[in-house]
Amino acid sequence: MSSSDDDWFDQDENDLLQGLEKSLKSLELQKNEEYIESPSSEGKYHRMVKQPSSFLRERTSQFSLTELTNALKMPAIDMFLYFLSEERDLFVNQVLANDSVKRVGLFVDVLWSLCELELGGFDEIFLSAFSRQTALLDTIKNLLQAKASVCDAESALILSRVKWMLLRAHKHGLLSRQGYELVELYKKLAPSFKSDMIDGLEAFTGNFSHNVKGLIYPTLDTLLGKEATKASNEEENERLVSDKVVQYVNTLRNLLREDFLAPLVEFVQQLRSGTDVDELKQQGLLWSDVHLTLNPQFANAQRHSLVFLKVQSTKVSKNVYKAWLNSIKSGTLLCLTTSLAFDDLILASVGYTEPEKLKEDCLSVQIVKQYNIGNAYNRPLIMFQAPVFFEPYLRVHNYLSTCSTEKFSMRRYIVDGQMEIRPPAYMKPGVQLSFNKKPFTLDKLPEDLHLNESQKTAFKEALSREFSIIQGPPGTGKTHLSVQLVNSLIQNAKALGTGPIIVLTYTNNSLDKFLVKISRYTQEILRFGSQSRDPQISKFNLRTMIKPELLPPRLKRIWWLVNCEHKKEFQNLQGLYANFDGSEESYQDILAAQEKLNQVAERIETLRMVFQFFIARDKDLLAMTTTCAARHNFLFRLLQSKCVLFEEAAEIQEAHIVACLTPHTEHVILVGDHMQLRTFQWQHIYDELLCSESVKEYADIRLMSKNLYFVQHNQPEHRNSDMSVENLYEAGVLAKLTEFLIQKAQYKHSDIVILSPYNGQIECIKKALPQNYRSTVQVASVDSFQGLEANIVLLSLVRSNLSGRIGFLHQANRVCVALSRARWALYIVGNMTILEDSFPKIWSPIVKRLKENNAIGEAFPTIIST
């Protein structure tokens with residue numbers, strides 16, 4: 001099963017707790033650090049959480065003015081750890097009637113600082129507690145009325161920050177009646193105040209009493225086509241909201257939801273119609289007779305081992321089951337129902353699953369939603385996964401649902417559309433830049449950058465503009481340019497105060513390729529996400545750097561408390577399942593308990609990010625894919641990183657880019673190839689593209705008369721047992737050419753990569769290769785190889801049939817990727833007749849060019865016989 005960047009923490013959870021107990025015996029805590037109790041003292045913990053108005057415990061003691069003042073001097077994350085690990089409750093009796101403006105101001109500053117962190121799962125606790133601060137809201141009401149005519153700076157700051165928290169609570173659907181009464185008073189007195197004090201009041205228009213974040217999950221009615229995929233009141237809200245940033249964010253969120261739900265709704269409609277159901281089962285796209293099972297040892301089990309999905313793997317071929325397991329990632333959304341009539345629905349998210357459990361056909365899941373079904377356990381279910389990988393959509397949607405719009409990064413370009421681009425704010429006038437310890441200016445770049453003229457222009461523009469877009473076709477040196485930009489920024493990071501540089505790519509392969517190159521200049525790299533297979537950079541993987549003993553004791557205390565709370569809520573939910581009597585009241589109790597469990601799980605996810613912060617803050621470079629980055633906005637905010645570079649930017653959805661920016665982002669560099677990834681209006685593939693002189697320096701391929709050649713044939717394709725397309729003739733032709741290039745022309749195995757658009761053909765080619773080549777010659781899909789290059793590329797196009805179906809080969813972006821991966825030579829085999837007949841817009845210009853260069857025929861142009 002594919003892993004996610006957070007799996008390391010699930011796997012090491014017990015080790016962490018055991019190590020924690022041992023380390024506490026010898027650890028001398030400072031006076032301001034509390035002793036961390038053993039996990040055995042659960043009784044006391046349950047007393048701590050029994051008040052819903054407080055996250056941790058019953059407390060009544062006030063924090064003194066000195067304590068509040070000192071807390072505000074801490075970094076915000078340290079303040080969070082301090083208050084949540086304290087015995088006293090920050091939300092009980094901290095502001096009383098007739099308290100001084102100074103105390104009210106300090107308390108508001110603390111709440112505002114905690115809320116501004118936007119900590120998933122904790123944010124709701126803080127905002128809910130804030131909205132129930134009766135004495136505080138009464139004090140603010142009196143202050144608002146008293147300062148309506150003349151407002152001093154201290155009072156203005158208090159009122160502005162309270163307004164911001166009111167809006168945040170409103171967005172989360174947590175604002176109390178007293179809070180809304182205070183909002184109305186703000187609106188009534190608005191003409192008396194300066195604009196910056198009342199800005200954003202229009203955002204209170206509309207009803208946010210529902211869970212906005214939860215809208216990304218499909219409802220049963222949505223899948224049945226009875227309900228529009230867009231929330232019913234969203235369009236009216238957008239019409240009433242005048243703030244352009246709010247409108248923009250709402251639009252992005254709705255488009256994101258549509259993008260995820262549309263293919264899922266379409267697939268459900270196909271299932272309901274009964275179309276190709278048996279074929280879908282053979283392909284591993286639909287599974288019957290699956291069961292949700294509860295771990296009988298759940299009271300002592302790790303969090304990722306509580307609920308399993310039992311799959312009947314024997315009903316499909318081994319290859320299909322293996323391919324399905326490989327496609328399942330942590331965060332995949334599974335849909336389960338008792339029948340294809342869809343009278344009910346269960347939504348489950350895939351978690352980390354231990355290898356031993358996978359061997360037993362058990363997949364770890366977390367139930368996140370259920371409709372019209374009470375006890376979901378131990379009953380036959382039909383299961384399928386959402387066509388689109390869910391987790392990045394979930395994370396980005398959640399961020400867009402609750403993000404603060406007042407400090408929207410790069411607003412002037414993204415929202416306002418301004419064309420005059422400023423320098424990065426950290427690039428102060430007269431700042432001295434250096435490269436390899438030698439000073440340089442943007443007017444005179446250092447010679448050892450090794451850039452051509454076009455790259456030098458892009459380098460200057462990227463460093464002198466806070467929002468920079470660099471576009472270039474394959475082979476123009478975009479990655480080399482990105483490496484030199486990041487190298488330069490790292491060398492100047494301390495002088496410029498940028499914090500760790502963040503580099504994001506679309507694929508793991510491109511990420512590894514980038515890190516191999518940048519690691520020549522720095523070793524202070526932290527790579528998030530799936531484990532890298534490249535031994536040169538595996539040492540940068542996050543999982544290799546986890547040292548629990550170095551983490552703050554307060555953080556470990558909170559981690560343990562929240563995990564205990566998760567166990568407690570899970571046990572409560574299982575009790576409701578066991579006692580389910582079929583009544584509506586019992587069913588609603590289950591839904592409420594499930595939602596509460598999900599909120600605790602979100603807090604655990606947030607604490608993981610805090611753990612990662614303490615590892616990441618001293619690094620030069622943080623690197624991850626955008627899928628991984630979708631959940632790390634909080635980490636970026638904690639680090640206050642100012643510069644983020646997107647590789648393969650044209651592949652990344654706009655919403656995913658926006659979700660990686662923070663109020664601290666001062667420099668955005670987007671590097672990509674607009675022809676390569678997203679859909680586009682067809683003209684030609686790269687008009688007026690010229691080869692650099694460096695390309696002409698490559699030697700011709702030994703024992704071949706052409707460096708580019710297309711072998712034309714009419715041998716038919718076939719469907720294999722997994723219903724994928726393969727062409728045995730093409731596999732044999734490329735296997736023979738591979739042998740020739742290695743044995744006769746003396747090329748290295750690593751010089752050659754064989755590509756095909758179809759997974760079935762990839763397996764077919766591997767079987768056709770000699771046994772000793774199968775592990776040393778790379779055979780890969782076109783999609784997985786985008787952003788990468790090889791010296792010699794052999795390309796199998798596969799499609800050859802009487803019906804004229806060419807599948808992926810009518811998509812210009814995929815064709816562009818396939819034809820642009822080679823440095824030295826490209827050798828293709830395919831049925832050009834069917835390609836040109838089926839989609840002449842793409843293939844006719846290619847045929848014309850091949851014929852002009854005498855580069856198409858029935859056999860590869862070897863100089864000696866193969």
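What the table shows:
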{"item": "Residue-span extension gain [V277 to N326] - 0.36 nm each, minus C-alpha spacing", "result": "15.4 nm"}
{"item": "Footprinting exposure proxy for K281, K407 (fewest neighbouring C-beta atoms within 10 Å first)", "result": "K407, K281"}
{"item": "Cα gyration tensor shape for region 262-402, rounded if a/c is under 1.5, else prolate or oblate", "result": "rounded"}
{"item": "Neighbour net charge for T738 - beta-carbon separation under 14 angstrom, K R +1, D E -1", "result": "+3"}
{"item": "For Q491, net neighbour charge (Lys/Arg +1, Asp/Glu -1) across residues whose Cβ lies under 14 Å away", "result": "+1"}
{"item": "D700-K407 pseudo-label distance in nm [points 7 Å out on the Cα-to-Cβ vector]", "result": "6.3"}
{"item": "Considering only region 693-857, percent of DSSP beta bridges that pair antiparallel, nearest 5", "result": "10"}
{"item": "Neighbourhood charge, 12 Å Cβ-Cβ cut-off, centred on K456 and excluding it, Lys, Arg +1 and Asp, Glu -1", "result": "-2"}
{"item": "Hull-based mean projected area of region 693-857, where the convex hull spans the alpha carbons, in square nanometres", "result": "9.6"}
{"item": "Within region 61-110, GluC sites (Glu not before Pro) in DSSP loop having at most 11 other beta-carbon neighbours inside 10 Å", "result": "E87"}
{"item": "Rg to Rh, two decimals, where region 530-628 supplies the alpha carbon set and Rh follows Kirkwood", "result": "1.15"}
{"item": "Simple label model, 7 Å out from Cα along Cβ direction - A425 to Q178, nm", "result": "3.5"}
{"item": "Gained length - N572 relative to S781, 0.36 nm times residue gap less alpha-carbon distance", "result": "70.6 nm"}
{"item": "E605 versus E360: modelled label distance in nm, points set 7 Å from Cα along the beta carbon direction", "result": "2.7"}
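None of the figures in this text is laboratory data; all of them are computed from the coordinates on show. Just so it is clear, the model here is predicted, and its values are computed rather than measured. Here the Cβ is made from the backbone with ideal geometry for all residues, glycine too, and neighbour counts use every protein chain on show.
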